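The values are calculated or read from the model by the stated rules, or taken from the named source; none is laboratory data. These numbers come from a predicted model, not from an experiment. A quick note on method: Cβ atoms are made from the backbone with ideal geometry, for glycine too, and the neighbour counts reach across all protein chains shown. The accessibility values were calculated without ligands, DNA or RNA, using every heavy atom of the protein model including side chains. Shrake-Rupley method; radii C 1.70, N 1.55, O 1.52, S 1.80 Å.
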Amino acid sequence: MMSLTKKHERNSFDGPAQFFTGSVHVEMLFTPETPARTSAGSVTFQPKARTAWHSHPIGQSLIVTAGTGYVQFWGEDRQIIESGDVFWIPANIKHWHGASEHTSMTHIAVQEEINGSAAECMELVSDEQYSGFIQK
């Protein structure tokens, strides 16, 4: 059976402070319908807003649809991501992503669940880490 979800029917919410720094808005595009395990959300980060450090059990794809932002793996330099970019984050890699200092950024995040979990959230990203200092 097919299903259609209209925009006004989708779950939309502000990103909770335990998982995000700054102003973040999440619109769930779809959640898994058994036996599927894939979900996707459109996430808009205002300037300087970002996720906490986190990982995904199967990985995550980010499709940047507007603006400019960053993604950083633990122990590596942050990378610039821009509208039109598609970024793959491998399974169980500690990382964060968010907007640049002066520009908002929107991406569609696509991930799969294992045992009902699509992500493991860790500590918030400090201002020093966000500014590009490498955390080792």
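Here are some notes:
- Total residues in the stretch 83-98 satisfying the condition of being hydrophobic (A, V, I, L, M, F, W, C) and either in contact with a Gly (Cβ under 7 Å, 6 or more places away or on another chain) or touching a residue at least 40 places away in the same chain (Cβ under 8 Å) (or both): the figure is 4.
- Residues of the stretch 86-136 that are under 13 Å from the mean Cα position of the chain (by Cα) and among the basic types (K, R): K94 alone.
- Residue that is least open to solvent (accessible area, probe 1.4 Å), among those in the stretch 66-113 that are closer than 9 Å to H56 by Cα and in a strand (DSSP E or B): I89
- Residue match in the stretch 50-63 (condition: among the charged types (D, E, K, R) and surrounded by fewer than 15 Cβ atoms within 10 Å (Cβ to Cβ)): no
- Being of a type outside the set (D, E) and either touching a residue at least 60 places away in the same chain (Cβ under 8 Å) or within 15 Å of G15 (Cα to Cα) (or both) is a property that holds for S42.
- Members of the stretch 15-60 found to be farther than 20 Å from V125 by Cα, among the polar types (S, T, N, Q) and assigned to a strand (DSSP E or B), listed by number: T38, S39, S42
- Flag for G116 being on the phi > 0 side of the Ramachandran plot and small (G, A, S): yes
- Selection status of V125, more than 20 Å from P32 (Cα to Cα), open to solvent by less than 20 Å² (accessible area, probe 1.4 Å) and outside any strand (DSSP E or B): yes
Residues checked against (1) touching a strand residue (DSSP E or B) at 6+ places or on another chain (Cβ under 8 Å); (2) more than 22 Å from Y130 (Cβ to Cβ); (3) of a type in the set (G, A, S):
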site: S23; (1), (2), (3): yes, no, yes
site: Q46; (1), (2), (3): yes, no, no
site: R50; (1), (2), (3): yes, no, no
site: D77; (1), (2), (3): no, no, no
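- In the stretch 13-40, residue least open to solvent (accessible area, probe 1.4 Å) [restricted to those that are among the β-branched types (V, I, T) and over 16 Å from S104 (Cα atoms)]: T38
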